[in-house]
Amino acid sequence: SICTGITGMFQQNRKIFGTQKVPLIPDFNNVSGGLFGVTKLFLKKWVVDLGLRYDYRYYSVAGYDYKNSLFRSELNFNNISATAGATVSSGSNGTLNLNVSSSWRPPHVAELYSVGTHQSAAANEYGFLLNDSTNEVLDIDAVSFKNEQALKFIATYQRRWRTLSFEISGYSNYIFNYIYLRPTGITENVRGTYTYFRYTQTDALFLGMDIAGIWQPHPHFKISPKASLLRASDDRNSDYLIFIPSDRYELAVRYDRPDLGSLHNFFIETKGKYISRQSRAPRVVTVAEINEAQQNGNDPFEGDDSNFDFMAPPPGYFLLNASAGISLKAQKLQYEFRISGENLFNTSYREYTNRMRYYADDLGRNFSLSIKCIF
């Protein structure tokens, strides 16, 4: 059998008048639509899934450049995605899943037209269609922009026993024309010194592995380890990419009781996470080094156009979280009580993928209490 469908979306973005500032992204209308079809084939021990999808996106853009001059653009993107997967049982408790797919992604308006200060990141950002020297808005046909195109392969093996199960998944994802925000330099104004970034493109290779398991030695007791490993590189320039998650490991221990006297759904869980330092990161050129070079009339990037970061990757860190909950039924109502604590050791840490790490530590010890009434 074949299943077909159609999707559609309309999005509108309008600036708030009266701010006296050129907005980070211009006004735009986004009209997107897609057609897809999927089918499943049963071939002896194999179950095969096939899918095909066509997507179209239209942007109507109107905004102001750094000179406060009005510009307008109409952009069209369309392409086809395809996927093929197969599942086979290996023995009574094992399953192997294989999948290969080709996909694409059109740019977001922010990736094309961003101009100025991104307030939530305390940085200046410039889109792909802004001239590197003048920040003049260019026509998309005048630049080398291309849609992202990806080829991905995933293999997943699952195995189950009476009290134990695990899953291991490996993947390779090659993205042509990968769009990313690249550190470029610093700018100064009356409010201080800001880092600035430009959207650019390269060919990128992502290799990763996810491992997860569940051991249940007792009906009410469960231990769940996880690990996520990722390797990414700028394949076009033989360099590392910035803001790629580092390796992370997690161990959760949970005790639960569906019924505990007149109480229900009782659980208590503790979870430890270790996030390692990102050792596969580009070179470091600090704001102080850039500022000193510019004051001396030098170009700190002359002769070296490789990727860089403003700060070295932060050290690895360990976080301990805990949570507990219970439910109480009263006539036709049910109340659920939950309490949780994060970063119980109040560890000072900075997450590599968080752009605020340039300025401050991440959240310290934090407790939350929630009460939900179901009726």
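Here are the criteria: (1) without any contact (Cβ under 8 Å) to a residue 60 or more places away in the chain; (2) open to solvent by 30 Å² or more (accessible area, probe 1.4 Å); (3) more than 26 Å from T39 (Cβ to Cβ); (4) of a type in the set (A, V, I, L, M, F, W, C). Tell me which single one A62 does not satisfy.
(2)
Given the residues T270, T286, which is the only one that is open to solvent by 50 Å² or more (accessible area, probe 1.4 Å), touching a residue at least 24 places away in the same chain (Cβ under 8 Å) and within 31 Å of the chain's Cα centre (by Cα)?
Working: T286 fails: open to solvent by 50 Å² or more (accessible area, probe 1.4 Å).
Of the residues listed, the single one that is open to solvent by 50 Å² or more (accessible area, probe 1.4 Å), touching a residue at least 24 places away in the same chain (Cβ under 8 Å) and within 31 Å of the chain's Cα centre (by Cα) is T270.
If we keep just the residues of segment 87-116 that are surrounded by fewer than 17 Cβ atoms within 10 Å (Cβ to Cβ) and aliphatic (A, V, I, L, M), which is farthest from the chain's Cα centre (by Cα)?
Looking at the filtered set, the residue picked out is V88.
Take segment 143-191 and flag every residue that is open to solvent by less than 50 Å² (accessible area, probe 1.4 Å), part of a loop (DSSP other than H, G, I, E, B), within 30 Å of N76 (Cβ to Cβ) and in contact with a strand residue (DSSP E or B) (Cβ under 9 Å, 6 or more places away or on another chain).
Hits for segment 143-191 are F145, N147.
Would you confirm whether any residue within segment 103-112 is among the small types (G, A, S), on the phi > 0 side of the Ramachandran plot and not in a strand (DSSP E or B)? Spell out the reasoning first.
The initial filter retains those residues of segment 103-112 that are among the small types (G, A, S), namely 103, 110.
Now restrict to residues that are on the phi > 0 side of the Ramachandran plot: none.
So far as segment 103-112 goes, no, none of its residues is among the small types (G, A, S), on the phi > 0 side of the Ramachandran plot and not in a strand (DSSP E or B).
Pull up segment 327-346, narrow it to residues that are among the basic types (K, R) and in a strand (DSSP E or B), then point me to the one that is least open to solvent (accessible area, probe 1.4 Å).
Our first condition is that a residue be among the basic types (K, R); within segment 327-346, this holds for 329, 332, 338.
With the extra rule that they be in a strand (DSSP E or B), the set shrinks to 329, 338.
Details: K329: 122, R338: 66 Å².
Within segment 327-346, the match that is least open to solvent (accessible area, probe 1.4 Å) is R338.
For residues that are assigned to a loop (DSSP other than H, G, I, E, B) and either open to solvent by less than 40 Å² (accessible area, probe 1.4 Å) or among the hydroxyl-bearing types (S, T, Y) (or both), scanning just segment 304-314, find the one that is farthest from D247 (Cα to Cα).
Result: S306.
If you check T83 against the conditions, is it open to solvent by 50 Å² or more (accessible area, probe 1.4 Å) and over 30 Å from Y359 (Cα atoms)?
Yes: the conditions hold for T83.
So Y126 clears everything in (1) aromatic (F, W, Y); (2) surrounded by fewer than 18 Cβ atoms within 10 Å (Cβ to Cβ); (3) at pLDDT below 95 except one condition, right? Which one?
If we test Y126 against (1) aromatic (F, W, Y); (2) surrounded by fewer than 18 Cβ atoms within 10 Å (Cβ to Cβ); (3) at pLDDT below 95, just (2) comes out false.
Within segment 65-80, restricting attention to residues that are loosely packed, with under 14 Cβ neighbours inside 10 Å and among the aliphatic types (A, V, I, L, M), which residue is farthest from N147 (Cα to Cα)?
Filtering segment 65-80 for residues that are loosely packed, with under 14 Cβ neighbours inside 10 Å and among the aliphatic types (A, V, I, L, M), the one farthest from N147 (Cα to Cα) comes out as L70.
Considering only segment 172-189, I want to know if a residue exists there that is among the polar types (S, T, N, Q) and over 25 Å from the mean Cα position of the chain (by Cα). First the steps, then the outcome.
Kept after step one, since they are among the polar types (S, T, N, Q), are these residues of segment 172-189: 172-173, 177, 184, 187, 189.
From the residues that got through so far, the ones that are over 25 Å from the mean Cα position of the chain (by Cα) too are 187, 189.
Checking segment 172-189: at least one residue is among the polar types (S, T, N, Q) and over 25 Å from the mean Cα position of the chain (by Cα).
Per-residue answers, yes or no, for (1) open to solvent by less than 60 Å² (accessible area, probe 1.4 Å); (2) part of a loop (DSSP other than H, G, I, E, B); (3) β-branched (V, I, T):
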| position | (1), (2), (3) |
| --- | --- |
| S279 | no, yes, no |
| E292 | no, no, no |
| G297 | no, yes, no |
| E302 | no, yes, no |
| G325 | yes, no, no |
| S348 | no, yes, no |
| R357 | yes, no, no |
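Report yes if some residue within segment 219-237 is modelled with pLDDT under 95, surrounded by 15 or more Cβ atoms within 10 Å (Cβ to Cβ) and within 30 Å of L328 (Cβ to Cβ); otherwise report no.
No; the residues of segment 219-237 include none that is modelled with pLDDT under 95, surrounded by 15 or more Cβ atoms within 10 Å (Cβ to Cβ) and within 30 Å of L328 (Cβ to Cβ).
Let me confirm something: among I290, I275, which residue is at negative phi, touching an Asp or Glu at 6+ places or on another chain (Cβ under 9 Å) and of a type outside the set (D, E)?
Details: I290 fails: touching an Asp or Glu at 6+ places or on another chain (Cβ under 9 Å).
Unique residue meeting the criteria: I275.
The values are calculated or read from the model by the stated rules, or taken from the named source; none is laboratory data. All of these numbers come straight from a predicted model, not from anything done at the bench. Note that we place each Cβ from the backbone using ideal geometry, even for glycine, and neighbour counts take in every protein chain shown. The area values use the complete protein model at the heavy-atom level, side chains included, leaving out ligands, DNA and RNA. Shrake-Rupley method; radii C 1.70, N 1.55, O 1.52, S 1.80 Å.
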